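The structure under discussion appears below in the form of structure tokens.
The values are calculated or read from the model by the stated rules, or taken from the named source; none is laboratory data. In this text, all values refer to a predicted model and were calculated from it rather than measured experimentally. No Cβ is skipped: glycine too gets one built from the backbone with ideal geometry, and neighbour counts run over all protein chains shown.
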Amino acid sequence: MTRFLFVLLLWPLAGATSHVSCDDKIFETINFTVCTVANPAKIDLHLRDDTEVIGSFRRLEALYGPQAFATNAGMYHPDRSPVGHYISEGREERRGITSAGPGNFGMLPNGIFCVTNITAKVLETKAYVRDTPDCRIATQSGPLLVQKGKLHPRFIPGSTALNIRNGVGVTESGTVVFAISNDVVNFDTFARFFRDALAAPNALYLDGRISRFHAPSLGRSDVGLPMGPILSVRP
């Protein structure tokens with residue numbers, strides 16, 4: 001398996017936050033980093049300040065102070081605006097896209113990660129649009145990795161379409177699990193990791209080779225090209 005080498009910008013090591021726990025896990029010889037969030041109310045979604053797109057973990061912390069965790073959120077256009085549904089601080093910027101389209105985002109079913117004032121959910125987009133949950137934050141991406149315990153129907157076991165990937169899932173108890181592969185991985189294996197290793201019956205793919213994690217408790221803060229939307233967890 002080809003190993004992907006992250007370029008890291010190290011923050012000072014921070015103690016584990018009570019509602020965020022990060023560690024590395026091996027699943028079928030592939031290495032993943034997982035950050036578990038026990039309190040979804042601490043999760044925020046960011047895109048820009050008053051003048052420009054935030055774009056990096058360093059600038060996020062300069063604006064909002066140290067974060068217990070952060071990662072790239074849903075997919076974005078070249079100007080770094082969100083491709084699909086986007087709600088931050090209760091304000092909707094983009095409506096959900098329910099039609100099929102090109103690329104991973106348009107591989108239906110896709111989904112929306114929604115956080116209310118007390119809970120978090122990964123929902124299929126058409127069901128989300130139909131039921132209109134009261135989300136404090138929401139970000140759309142695709143494809144859905146796992147939906148009610150079933151893998152996306154277009155995933156192929158043993159596929160050679162390999163990439164670094166990150167995603168988010170929610171367990172039956174409502175715990176949020178973020179994961180990134182530190183080795184290249186196909187969709188089928190990534191989805192089974194969420195379902196079988198992380199016990200998340202619903203999980204959403206966030207993105208591929210641009211994927212990055214900010215996990216100060218591990219001394220990790222990935223750098224790269226400017227990002228679009230960013231999910232973060234307050235200490």
Residues of the stretch 86-118 being under 20 Å from residue 233 (Cβ atoms), surrounded by 14 or more Cβ atoms within 10 Å (Cβ to Cβ) and out of contact with any strand residue (DSSP E or B) (no Cβ under 7 Å at 6 or more places or on another chain), which ones?
116
Can you spot a residue in the stretch 121-135 that is basic (Lys, Arg), surrounded by 15 or more Cβ atoms within 10 Å (Cβ to Cβ), under 16 Å from the mean Cα position of the chain (by Cα) and farther than 24 Å from residue 29 by Cβ?
yes
What pairs come up if the first residue lies in the stretch 51-74 and is farther than 20 Å from residue 178 by Cα, the second is part of a helix (DSSP H, G or I) and modelled with pLDDT of 95 or more, and their beta carbons are under 8 Å apart, counting only those six or more places apart or on different chains?
54/60; 54/63
The lone condition residue 208 fails out of (1) buried (at least 21 other Cβ atoms within 10 Å of the Cβ); (2) of a type outside the set (Phe, Trp, Tyr); (3) closer than 29 Å to residue 48 by Cβ is (1)
Any chance you could count how many residues in the stretch 167-179 are out of contact with any Gly (no Cβ under 8 Å at 6 or more places or on another chain) and either closer than 12 Å to residue 122 by Cα or assigned to a strand (DSSP E or B) (or both)?
8
Just to be sure I understand the filter: pairs with C-beta atoms under 8 Å, separated by 6 or more residues or on different chains, first member in the stretch 208-235 and assigned to a helix (DSSP H, G or I), second member surrounded by fewer than 20 Cβ atoms within 10 Å (Cβ to Cβ) and of a type in the set (Phe, Trp, Tyr). Which pairs pass?
216/11
Only one of 81, 56 is among the small types (Gly, Ala, Ser), surrounded by fewer than 17 Cβ atoms within 10 Å (Cβ to Cβ), modelled with pLDDT of 95 or more and in contact with a strand residue (DSSP E or B) (Cβ under 9 Å, 6 or more places away or on another chain), namely 81
Selection within the stretch 179-220 - more than 26 Å from residue 234 (Cα to Cα) and among the acidic types (Asp, Glu)
183, 188, 196
Do you know which of the residues in the stretch 81-109 that are in contact (Cβ under 8 Å) with a residue 40 or more places away in the chain and of a type in the set (S, T, N, Q) is farthest from residue 187 (Cα to Cα)?
88
Identify all residues within the stretch 180-204 that are part of a strand (DSSP E or B), in contact with a helix residue (DSSP H, G or I) (Cβ under 8 Å, 6 or more places away or on another chain) and not hydrophobic (A, V, I, L, M, F, W, C); write none if there are none.
181
Quick test of your reading of the structure: residue 142 fulfils all but one of (1) touching a Leu at 6+ places or on another chain (Cβ under 8 Å); (2) farther than 24 Å from residue 183 by Cβ; (3) touching a residue at least 60 places away in the same chain (Cβ under 8 Å); (4) not basic (Lys, Arg). Name the failing condition by number.
(2)
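Restricting to the stretch 149-172, name every residue that is in contact with a Pro (Cβ under 6 Å, 6 or more places away or on another chain) and within 14 Å of residue 196 (Cα to Cα). Talk me through it step by step, then tell me what you get.
Residues of the stretch 149-172 that are in contact with a Pro (Cβ under 6 Å, 6 or more places away or on another chain), as a first pass: 149, 152.
149, the sole residue that qualifies.
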Could you list, in sequence order, the residues of the stretch 211-235 that are among the hydrophobic types (A, V, I, L, M, F, W, C), surrounded by fewer than 24 Cβ atoms within 10 Å (Cβ to Cβ) and under 13 Å from residue 80 (Cβ atoms)?
225
Restricting to the stretch 151-181, name every residue that is closer than 30 Å to residue 19 by Cβ and of a type in the set (D, E, K, R).
165, 172
